[in-house]
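Report on the structure given below.
Nothing in this text is a laboratory measurement; each read-out follows from the coordinates by a stated rule. Keep in mind that this is a model prediction, so the values were computed, not measured. Positions of Cβ are generated from backbone atoms using ideal geometry, with glycine treated the same way; all protein chains shown enter the neighbour counts.
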Amino acid sequence: MTEFKPPLEDMSFLLKNVFNVDSLWQGIPALAETVDAETAEAILEEAGKLASTLVAPLNRSGDEEGAKWDNGVVTTPAGFKEAFATFAEGGWGGLCGDPEFGGMGMPKMLGVLFDEMMYAANSSFTLYPTLTSGACLALNAHGTDELRSQYLPNLYSGRWSASMCLTEPHSGTDLGLIRTKAVPNSEGSYDISGTKIFITGGEHDLNENIVHLVLAKLPDAAPGARGISLFLVPKINVENDQLTTPNNVSCGSIEHKMGIKASATCVMNFDESKGFLIGEAGKGLACMFTMMNYERLSIGIQGIGCGEMAYQGGAEYAKDRLQSKGVGPLRDKSKDADPIIVHGDVRRMLLTARANNEGSRAFALYIAKQLDIAKFSEDAGEVKQATSLIALLTPVAKAFFTDLGLESTILGQQVYGGHGYIREWGMEQLVRDVRIAQIYEGTNGIQALDLIGRKVAANQGQDYQVFSAEVKGFINQFESGAHANNPRLTAMFTELKGAIDSLDELTELVLSRSSDGNELNGNAVDYLNAFGYASFAFMWCMTSVSAVEAQADSDNPYLENKLVVAEFFFARLLPKQQAYTNAVKAGVTSIMAMPNDMF
Ligand SMILES: Cc1cc2nc3c(=O)[nH]c(=O)nc-3n(C[C@H](O)[C@H](O)[C@H](O)COP(=O)(O)OP(=O)(O)OC[C@H]3O[C@@H](n4cnc5c(N)ncnc54)[C@H](O)[C@@H]3O)c2cc1C
C-alpha cells in the first residue's frame, strides 16, 4: 500500500507564488499579526507529519474494524482515541478558531490545506474534528456570549466535540418537513424531542462530551423552512465548565455503510433534552447555513484528499508494474515489458487525476481566500465582493471537487488493474470512502440547484457578474503584462477567454429560461459542470503565470511539470465544458417527456 506523501511543494507554491499570501495577509491587519508565509509553511509541514504518521496508519485498520455500537455506546476503532488525544493536544482543533476563545485564528487558506492532508490520510477520522469546527463557526457567529464562552474553548481544545443534527427519517433534502420539537421550559431553555438519523459523530468515545446542533420547531412555528430554529443540545449537561447530569440524548444505532466505516453515522434520540436557542427563533436554517457552508467546502476537500491519495498510489504503481512493450522514446528496448507508465492510456488516467487534484486545490484556496477576506478584511467593498464569490462558488466546490474526487479515485484504482479491486492495495477503500462525499451535505444535485436557482437565477446573475468580471480583469492584466507574448501562456489565455465567454453566454441563456422550474432543475448539474471546468481554466492560467515567473529564478522541474499538467488540462479536459454547455442548450424537453409510470 502506498504511504501518503503530503503534497507540500504544491501547497507552498500555491500559497507563496500563486496567491502571494505574504502581501495578502500583510494587507489585512488581523492576519498580519497572526501569520506569514514562513509560519504557514512550518504549520503545514507539522500537519503533514500528523496526517502521514499519526492518522494515515489508522486508515486501513479503521476500515476493517469499523465503528461499533453496543447498547447505546459507540466505540471507535483501535487507536482512534489515542490519535484524537494527540490531535487535540497539538491544538489542531482550534487551528482557524477564534483566539478570544482559545483558537489559533489562522486563515482558512491554511485550514483547507490542513483538511486536505487529513482527508487524504483518513477520511473517517477527519470527519470527527471537521464537524466540530463547523459547529464552532455557527456557534461563534450566532450564539449568545454565555454559550460561546462556555462551549467554544472546550470544542477548540478537543475536550468536547460536536455534531450537526438536521436529517430525520422523512426529511433529508427538504428540511422544512422536520418534526423534532422544541418546547420552552421554565428555566428559559427548551425541551427538545425527536429523532435524527445519519448523524456523523453523533456518539463516540473520543472525548467526554458531544455538543449537538439540532434543528427543531417551536410549538407556534411557521410551516416549512421558515419555522425552523437552531438549538445547542449537550449530551451531558454543563455547569461552571463541569459536566453534571446526562441530558436524555441517546444513540439508537449506527449505520452499516459502503465506506467511511470508522466514522460513526448515528440515529440520535432526543427526549425532552435541554437545549439552548442559537440565533433568532425561526432563523435556524440561516444560522445552520454558517455551519453547512463550511461543511460543504470541507466535504469538497474530502474529494481532493481522496483523489490525491489515489493519484499517489496510481503513479507509484505505474512506475513499478511491468506489462507490455511501449512505443517510442519512453520504452526500454532491452526489456520484455515496460512499466505501464509508458502507455498512453495509463498516462491519461494519471494526468486526469493529477489535473483534477491540482485544479481543485487551487480553487479551494481561491475560495478560502474569499472566506478570509470576508472574515478579516476592513475594506467594505472587498468584503462585499468576497461574500458574493463565496455564495456563488461554494456549491460548485462541493459538487465539482467530489465528482472529480470520485473520478480520480476510480482512475487511480483502474491503474492497478485487478489489484485495484483487491483490498490490500487500499485503492478500493478510497473509492468507497469518497463516494459519500457526493451525497451528504446536500447531494451534488442539490448543490447544482443551489447554484443555478438561488445563486444565479434568484439574483439575476449579480454574483455571477462579480466572478466573470474577476476572470476578465485577470485576463486584461495578463494582456498588458510582462508575459503577454509568452506563446505557452497566450495559448492558455486564449482558451480561458473562450471558456468564460461561453459561460457568460450559457448563464444568459439560463437566466432567460429561469421562469421554467424544470429548465433550472433538469439543467442544474450540467450547468455546474460547465461552470466547474471554466473555473479550473481560470485556476490553471493563474498557476501557469506564476510557474513561468518562478522559472526566471529557478530550474526546479516542479515548475515545468506544473505547465505540462496545465497544458494537458487545456488540451484534454477543458473540452468537456462544451459538452456540458451543449447539453444545457438542448433544454429539458427530452428529460420531461416520459410519463412517471413509464419509468
Ligand atoms: C454517511 C452519512 C453521513 C451523514 N451525516 C449527516 C450529518 O452529520 N448530519 C445530518 O443532518 N445529515 C447527515 N447525513 C444526511 C445527508 O445529508 C442526506 O442523506 C442527504 O442530504 C440527502 O438526503 P436524503 O438521504 O433524505 O435524500 P432525499 O432528500 O430523499 O433525496 C433523494 C434523491 O432525490 C433528489 N432530490 C430531492 N429533492 C430534489 C429536488 N427538489 N430536485 C431535484 N432532486 C431532488 C436528491 O438529490 C437525491 O438524489 C448523512 C448521510 C450519510 C449517508
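When Rg is the radius of gyration of the Cα atoms in segment 158-249 and Rh is its Kirkwood radius, what does Rg/Rh come to?
That ratio equals 0.98.
Which far-off residues, 5 or more places away or on another chain, put their amide H under 5 Å from the one on residue 321, with H placed in the peptide plane?
Sorted by chain and number, the residues that satisfy this are 340.
What ranking, highest mean first, results for peptides 203-216, 174-187, 560-573 when packing means the other Cβ atoms within 10 Å averaged over each residue?
Highest to lowest by the protection proxy: 203-216, 560-573, 174-187.
Looking at 471, 485, 500, which one has the Cα that reaches farthest to the positive end of the dipole of segment 453-599 (charges on Cβ: Lys, Arg +1; Asp, Glu -1)?
Farthest towards the positive end: 500.
Which length gain, in nm to one decimal place, applies between residue 68 and residue 243 when the Cα-Cα distance is subtracted from 0.36 nm times their residue separation?
Gain in length upon complete extension: 60.5 nm.
Which peptide among 391-397, 286-292, 143-149, 302-308 comes first, and what is the full order, when sorted by highest mean count of other Cβ atoms within 10 Å?
302-308, 391-397, 286-292, 143-149
Using Cα pairs closer than 8 Å and at least 6 residues apart in sequence, work out the relative contact order for the chain, in percent.
In percent, rounded to a whole number, it is 13.
Can you give me the pair-distance distribution of segment 246-397, C-alpha pairs, 5 Å bins, whole percents?
Computed distribution, short to long bins: 2, 8, 10, 11, 12, 12, 10, 10, 9, 6, 5, 3, 2, 1, 1, 0.
Which of the aspartates and glutamates could a cross-linker bridge to residue 235, judged by Cα under 17 Å and excluding same-chain residues fewer than eight apart?
Result set, ordered by chain and number: 191, 203, 205, 208, 271, 272.
Put +1 on the Cβ of each Lys and Arg and -1 on the Cβ of each Asp and Glu in segment 1-137; which of 103, 24, 132 then has its Cα farthest toward the positive end of the dipole?
Checked the options; the winner is 132.
Could you state the per residue volume, in Å³, of the convex hull enclosing the Cα atoms of segment 348-401?
61 Å³
Name the aspartates and glutamates eligible as straight-distance cross-link partners of residue 472: C-alpha to C-alpha under 13 Å, and not fewer than 8 places from it in the same chain.
Leaving aside aspartates and glutamates fewer than 8 places away in the same chain, those within reach of residue 472 are 495, 501, 504.
Lys/Arg Cβ at +1, Asp/Glu Cβ at -1, dipole of the chain taken about the Cα centre: which of 230, 353, 339 is farthest positive-ward?
339
Taking the Cα centroid of segment 339-407 and of segment 260-305, what is the distance between the two, rounded to the nearest whole Å?
23 Å
Using 7 Å Cα-to-Cβ label points, what is the residue 502/residue 576 separation (nm, one decimal)?
Roughly 1.3 nm, to one decimal.
Step through the table entries 5/81; 283/455; 398/562; 5/325; 108/384, compare each Cα-Cα distance with 26 Å, and write down the pairs that go over it.
Over 26 Å Cα-Cα: 5/325.
Taking θ = phi - 60°, what integer Hz values does the Karplus form 6.51 cos²θ - 1.76 cosθ + 1.60 yield along segment 494-501, in sequence order, with x for Gly and Pro?
So the J values, rounded to whole Hz, are 4, 5, 4, 4, x, 5, 6, 4.
Give me the mean projected area, in nm² to one decimal, of the convex hull enclosing the Cα positions of segment 46-185.
Projected over every direction and averaged, the Cα hull of segment 46-185 covers 10.7 nm².
Which length gain, in nm to one decimal place, applies between residue 422 and residue 3 when the Cα-Cα distance is subtracted from 0.36 nm times their residue separation?
Length gained between residue 422 and residue 3: 149.1 nm.
Only Lys, Arg, Asp and Glu count, each charged at its Cβ (+1, +1, -1, -1), so figure out the dipole size of segment 208-351 about its Cα centre, rounded to 20 debye.
Roughly 780 debye for segment 208-351.
In percent, how large is the relative contact order of segment 1-65, given Cα pairs closer than 8 Å and 6 or more residues apart?
41 percent
From the backbone phi of segment 125-141, what are the Karplus-calculated ³J(HN,Hα) couplings (6.51 cos²θ - 1.76 cosθ + 1.60, θ = phi - 60°) in whole Hz, Gly and Pro given as x?
With the stated coefficients, segment 125-141 comes to 4, 5, 4, 4, x, 6, 4, 5, 4, x, 5, 4, 4, 5, 5, 5, 6 Hz.
To the nearest 20 debye, what charge dipole does segment 362-431 have about its Cα centre, counting +1 at the Cβ of each Lys and Arg and -1 at the Cβ of each Asp and Glu?
Approximately 80 debye in magnitude.
How large is the charge dipole for the chain, taken about the Cα centre, if only the Cβ atoms of Lys, Arg (+1) and Asp, Glu (-1) carry charge, to the nearest 20 debye?
Taking the Cα centre of the chain as origin, the dipole is about 1400 debye.
Give me the orientation-averaged projected area of the Cα convex hull of the chain, in nm², one decimal.
The Cα convex hull of the chain, projected and averaged over all directions, gives 28.9 nm².
Please turn the phi angles of segment 238-255 into ³J(HN,Hα) values with the Karplus equation 6.51 cos²θ - 1.76 cosθ + 1.60 (θ = phi - 60°), one per residue in order, whole Hz, x for glycine and proline.
Those phi angles translate into 10, 9, 6, 6, 10, 6, 10, 9, x, 10, 6, 10, 9, 9, x, 5, 10, 7 Hz.
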